[in-house]
Structures are given as structure tokens and as C-alpha cells.
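Student: Let me begin by handing over the structure; questions about it come next.
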Amino acid sequence: MTERIEQIETEARAAVAEAGSGAELEQLRVRYLGRKAELTSILRGISELEPDQRGPVGGAANRARKGLEQLFETRSDEIASAELEQSLAAERIDVTLPGSPARAVGHLHPITRTRRLIEDVMIGLGYQVMEGPEIEHDYYNFTALNHPPDHPARMLQDTFYVEVPEGGDSGGGSQDVLLRTHTSPMQVRAMEATPPPLFMIVPGKTYRRDSDATHSPMFHQVEGLAVGEGITLADLKGTLLAMLREVFGPDREIRMRPHFFPFTEPSVEFDVSCFRCKGSGTLRKGERCALCKGIGWIELGGAGMVDPNVFGFVRESGYEPDSITGFAFGFGIERIAMLRHGVGDLRLFFDNDLRMLEQFS
Ligand code: DAH
């Protein structure tokens, strides 16, 4: 009998060593240690043995059982950890990989993007970005910008006036409150608030009674102002050139033509060389360039040296008209965006037609 017990144990040990999975091991446990196992029935039948057999058989069977129980336990642990290793390897995920976030639902409006581009360039040149009120006083929009009362230049800009309710404070005078017709009023407000040197741009909404393919009652401008000691027209030209090369490409040139603005003296209009025909006015097959209308130059905005009369309005803030100089410039953001993206009608920017706007995502 003890031999049989040894046999069972040897057989069981061999089988356990072969077992490859937890399920297999469990089957073996039932076979060798379960209720119907041979070893179990030997143990159960000890009392029926001859008295002198009971001791040795019982002892051997119990040792075998204990040994096998321990073996199953060790093997079970081994298999469990091997299985864990395996599933960890198979199901490994790289948590450092980038996720796949949902696509952004929207995107910036082309005018916003153009504005930010210009801001980035000018911040790079050391300018600060300022904002000003869209509802403005006649004083800042015209008077302090050297438009004397009844000056015809006031009529050039079709102004929206804001009616001030009776008893309301208009700040003085009739027609005193208006929607700013340009961003230039911020020149005066900025100088009132900040002593020189001052380098700033003002992007923002402006308003005029005007509506066609290149005009909208609401549109956007960027104003620029640089004031300090010894600033000249050459600085203006260099600044505009640096900015426009960032916006329209490194090969661009600029030119300035004499013009008139009440708040600059001398005043100019500035053009950038056409980026489609490279300034030649003609395309490859001798065709006239439609973008610049064959001129080779594209008109962009107005500029000039700040008129000393304007400094006269902010003398108290440290702007002494006799000693300080500065330049200013202004241009439309829509015009830049239209040129950069080949948009033929300015009103398309404000129609909210997604077929148009989604082309700028
Ligand atoms: N404010 C002018 C306009 O809207 C543009 C302009 C011209 C701005 C000359 C300036 C400047 O700063 O110096 O027509």
C-alpha cells in the first residue's frame, strides 16, 4: 500500500510540473486530492486496515497529502504570476502616447487671425497692444487729431453719431458722441495716459456709413504710434517694411506717396509691392495682374509724422511739440485678410456663411 501511495505522489508531482494553466492545475487537484481521489479513499479506509498497517499507511498517506497540498499551492502561485505577466505584456498600453482628443468644434475667424498675426509682429518689434473705446468723443476722434471745427476733413469720414438722451452727459456740445471712424483717437488717449517714449498699436472695430464690396459699416483697423527723441520718417518706413514683410513675404518692398491727413505732417499713403506679380504688374503670359490692377503696388494705409499740433493737445503729459517727434500709421485689417486669402468681397467676412469661414480652419 505504501508503494502505491509513493506511486500516486510521484505521478501527481509529474503531472503538476507539466500543468500550464490554473484550470489544468485545478483539474489535477480534484484528481489527486479531491473527494473521489485515490489518496483520499486510502485515508478514508485506514480504519479498515489490519491494525499493524494503519500506522505506516496512515503516516505515508498523510505525508503524501500534505506534500501534494503544498506543491499545489506553490505551483498555483507560480502559474498565477506567470499568467499575470503574460496578460500585462499582451495588454500593455503606452500611457505616454498622445491621446486623440475630439476635433475642435470651431476655429478663429480670419479677421481675428489676421489681427493676431499683426499683433505678434508688432510685439516682436517692441510695441505694446492697446485697446480703446468704440463709442468715442468728437474731441478724440477729430478735435485733438487736429481737425478744427467745421474742417472739411470731418466730412470725409461718414460718421455715425450717437444721440445723447436729453439731460444725459454728452461731455459737451452737440454731436459730441460718435462711433469712432478710425482707431487714431487712441493716439491721443495713449499719450494722455503714458509719457514718452511710447510704442503702441491699437487694433479694433471702427464704423462708417459705407457699404459695398470693399467697405462695411463696421470694419477693423490697426493704428500704430511711435513717439520718442529723434524718430524720423526713415524709422516709419523701416517699421512698415519689417511688418509687411512678415505679413506678405520677405521679398516685399514698400513705397510711400505724399498724401494729406490732418494729424500727420508730412503725411503719406503706403503701398506694398504686389505679391502676386512680384511688383511687375504683369503675370507670366503677359497678362495684366488683377490683384494690383497692373500697377505692381497695392495700397494699404495712411501714415506720417505726428503733427506738432497733436502733441500740443497732450503737452501736459510730457509731449513737448518743439522737441519730440513720432510717427503714426493706420490700415484696415479686412484689406490685409482679403489680400492674403484672395477674398474678393469684404462683406463675406461678416455674413457668417460657414462654407466661407470653414476654409480658414
Ligand atoms: N485714421 C486714418 C483713416 O482711417 C488712417 C491713418 C492715416 C492713420 C495716417 C494714421 C496716420 O495713424 O498717420 O483713414
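Student: Please give the length that would be gained between Lys205 and Ser280 if that part of the chain were fully extended, namely 0.36 nm times their separation in residues minus their C-alpha to C-alpha distance (nm, one decimal).
Tutor: 23.6 nm
Student: Let me ask something else about it. Enumerate by residue number the trypsin sites (Lys or Arg not before Pro) in the stretch 94-169 meeting two conditions: DSSP loop (anything except H, G, I, E, B), and at most 11 other Cβ atoms within 10 Å of the site's Cβ.
Tutor: Arg103
Student: Under unit Cβ charges (Lys, Arg +1; Asp, Glu -1), what dipole magnitude, rounded to 20 debye, does the stretch 253-361 have relative to its Cα centre?
Tutor: It works out to roughly 820 debye.
Student: As I understand it, the dipole of the chain uses +1 on the Cβ of Lys and Arg and -1 on the Cβ of Asp and Glu, about the Cα centre. Which of Cys289, Val247, Leu339 lies farthest toward its positive end?
Tutor: Looking along the dipole axis, the top candidate is Cys289.
Student: Nearest 20 debye, what's the magnitude of the dipole of the stretch 2-90 about its Cα centre given +1 on Lys and Arg Cβ and -1 on Asp and Glu Cβ?
Tutor: 360
Student: Return the whole-Å distance between the Cα centroid of the stretch 227-265 and the Cα centroid of the stretch 86-132.
Tutor: A separation of 32 Å, based on Cα centres.
Student: For every other residue with a beta carbon closer than 13 angstrom to the beta carbon of Lys278, add +1 if it is Lys or Arg and -1 if Asp or Glu, then tell me the sum.
Tutor: +1
Student: Can you give me the distance in nm between label points at Gln70 and Met155, each placed 7 Å from the Cα along the Cα-to-Cβ direction?
Tutor: Inter-label distance under the simple model: 11.5 nm.
Student: If the cut-off is a Cα-Cα distance under 27 Å, which lysines reach Lys237, setting aside same-chain residues fewer than 8 apart in sequence?
Tutor: Answer for Lys237, where 27 Å is the Cα cut-off: Lys205, Lys278, Lys293, listed by chain and number.
Student: At 0.36 nm per residue, minus the direct Cα-Cα distance, what do Ile295 and Asp345 gain on full extension? Give it in nm, one decimal, please.
Tutor: This chain segment gains 15.9 nm when fully extended.
Student: Of the accessible area of the chain, with the probe set at 1.4 angstrom, what percent is carbon plus sulfur?
Tutor: Ligands and nucleic acids excluded, carbon and sulfur reach 51 percent.
Student: With only Lys, Arg, Asp and Glu charged, each at its Cβ (+1 for the first two, -1 for the last two), find how big the charge dipole of the chain is about the Cα centre; round to the nearest 20 debye.
Tutor: 1220
Student: If I model a spin label as a point 7 Å beyond the Cα along the Cα-Cβ vector, how far apart are those points for Arg113 and Arg13 in nm?
Tutor: In this crude spin-label approximation the distance works out to 7.7 nm.
Student: Now for a different question. Taking the DSSP beta bridges in the stretch 110-360 as the whole, what percent of them are antiparallel, to the nearest 5?
Tutor: In the stretch 110-360, DSSP labels about 95 percent of beta bridges as antiparallel.
Student: Name the residue farthest towards the positive end of the dipole of the stretch 57-108 from the options Thr96, Ile79, Ala61, assuming +1 on Cβ of Lys and Arg, -1 on Cβ of Asp and Glu, about the Cα centre.
Tutor: Checked the options; the winner is Ala61.
Student: Can I ask one more? Can you tell me the FRET efficiency between Met356 and Thr214 if r is taken as the Cβ-Cβ distance and R0 is 22 Å, rounded to the nearest 0.05?
Tutor: 0.85
Student: Using a 7 Å offset from the Cα along the Cα-to-Cβ direction at both Arg315 and Ala80, what is the distance between the two label points in nm, to one decimal?
Tutor: About 9.4 nm separates the two model spin labels.
The values are calculated or read from the model by the stated rules, or taken from the named source; none is laboratory data. Since we're looking at a predicted model, the values are computed, not measured. Note: ideal-geometry Cβ built from the backbone for every residue, glycine included; neighbour counts use all protein chains shown. Surface accessibility is based on the protein's heavy atoms, side chains included, excluding ligands, DNA and RNA. Shrake-Rupley method; radii C 1.70, N 1.55, O 1.52, S 1.80 Å.
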